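Have a look at the structure below before the remarks.
The values are calculated or read from the model by the stated rules, or taken from the named source; none is laboratory data. Because the structure is a prediction, the values reported are computed rather than measured. With ideal geometry, Cβ positions are generated from the backbone for all residues, glycine too; neighbour counts draw on all protein chains shown.
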Amino acid sequence: MKDDNDRNRRELKLWLRMLLTTRAAEAELREFLRVSHGTTLPRFDVMAALWRRGEAISMSDLSRMLLVSNGNATAVVDRLEKDGLVKRSPSETDRRTVFVSLTEAGTTRFMTLARDHSDEVSRIFADLPDEDLDTMSAILKRMGERRNAAK
């Protein structure tokens, strides 16, 4: 029983470390995007999802990709559309469906943001040797695979 309690404490400690580290890194990225680019992490995330897809996607698909509610995605897309970075287009087959995609200006803006975001992530991880990055990536990948296999 003692071994189980010790393992449980170690697991909880690891969980808290992962959570605190992730939150700290996310806070640094949020501040970097706000100060250096006058934008937000949710706006960056929407643009990144649209850029990765490379074509117009439905607002529902966008919400699922980002793991946010339709309302949250809509609010971010509204602001991006107002700034001319994304455009909406109605579905030709379903009047309830709206597609969203990056505009040319949005693609240009995203490329700058993506480059600088990548540089900032590199700065955050700069103190870790390559072996640690590889080990941490492998561990997290195994955890994700195990979680996905259980579904």
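Check S63 against each of (1) in contact (Cβ under 8 Å) with a residue 24 or more places away in the chain; (2) more than 23 Å from E28 (Cβ to Cβ); (3) small (G, A, S) and name the one condition it does not meet.
Here S63 meets the rest and fails (1).
Scan T39, T22 and give me the residue that is surrounded by 10 or more Cβ atoms within 10 Å (Cβ to Cβ) and either part of a helix (DSSP H, G or I) or of a type in the set (D, E, K, R) (or both).
Residue meeting the stated conditions: T22.
Testing M65 on (1) in a helix (DSSP H, G or I); (2) at pLDDT 95 or above, one condition comes back false. Which one is that?
All conditions pass for M65, except number (2).
Exactly one condition in (1) in a helix (DSSP H, G or I); (2) more than 20 Å from E26 (Cα to Cα); (3) touching a helix residue (DSSP H, G or I) at 6+ places or on another chain (Cβ under 9 Å) is false for E81; which is it?
(3)
Closer than 25 Å to T22 by Cβ and not in a strand (DSSP E or B) - does that describe any residue in segment 102-110?
Yes - at least one qualifying residue is present in segment 102-110.
Looking at this structure, is R64 within 15 Å of the chain's Cα centre (by Cα), among the basic types (K, R) and farther than 21 Å from G84 by Cα?
In short, yes.
Only residues in segment 72-89 that are surrounded by 15 or more Cβ atoms within 10 Å (Cβ to Cβ) count as the first member; pair them with residues that are assigned to a loop (DSSP other than H, G, I, E, B) and not hydrophobic (A, V, I, L, M, F, W, C), Cβ under 7 angstrom, at least 6 apart or cross-chain, and list the lot.
Every condition considered, the pairs that remain are L85/T103; V86/T103; K87/T103.
Examine segment 97-117 for a residue that is surrounded by 12 or more Cβ atoms within 10 Å (Cβ to Cβ), among the basic types (K, R) and closer than 21 Å to L50 by Cα, and state whether such a residue exists.
The answer is yes, given that some residue of segment 97-117 is surrounded by 12 or more Cβ atoms within 10 Å (Cβ to Cβ), among the basic types (K, R) and closer than 21 Å to L50 by Cα.
How many residues, within segment 1-39, are in contact (Cβ under 8 Å) with a residue 24 or more places away in the chain and farther than 15 Å from R123 by Cα?
2
Yes/no per residue for (1) at pLDDT 95 or above; (2) over 22 Å from M136 (Cβ atoms); (3) part of a helix (DSSP H, G or I); (4) not aliphatic (A, V, I, L, M):
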site: D4; (1), (2), (3), (4): no, yes, yes, yes
site: M18; (1), (2), (3), (4): no, no, yes, no
site: V35; (1), (2), (3), (4): yes, yes, yes, no
site: M47; (1), (2), (3), (4): yes, yes, yes, no
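I'd like to verify a number: residues in segment 118-151 that are surrounded by 10 or more Cβ atoms within 10 Å (Cβ to Cβ) and under 16 Å from T21 (Cβ atoms), how many?
Selection size over segment 118-151: 14.
For a quick check of your reading of the model, give me the residue pairs whose first member lies in segment 113-136 and is within 24 Å of V46 (Cβ to Cβ), whose second is among the acidic types (D, E) and in a helix (DSSP H, G or I), with beta-carbon atoms closer than 7 Å and at least 6 apart or on different chains.
I124/E28
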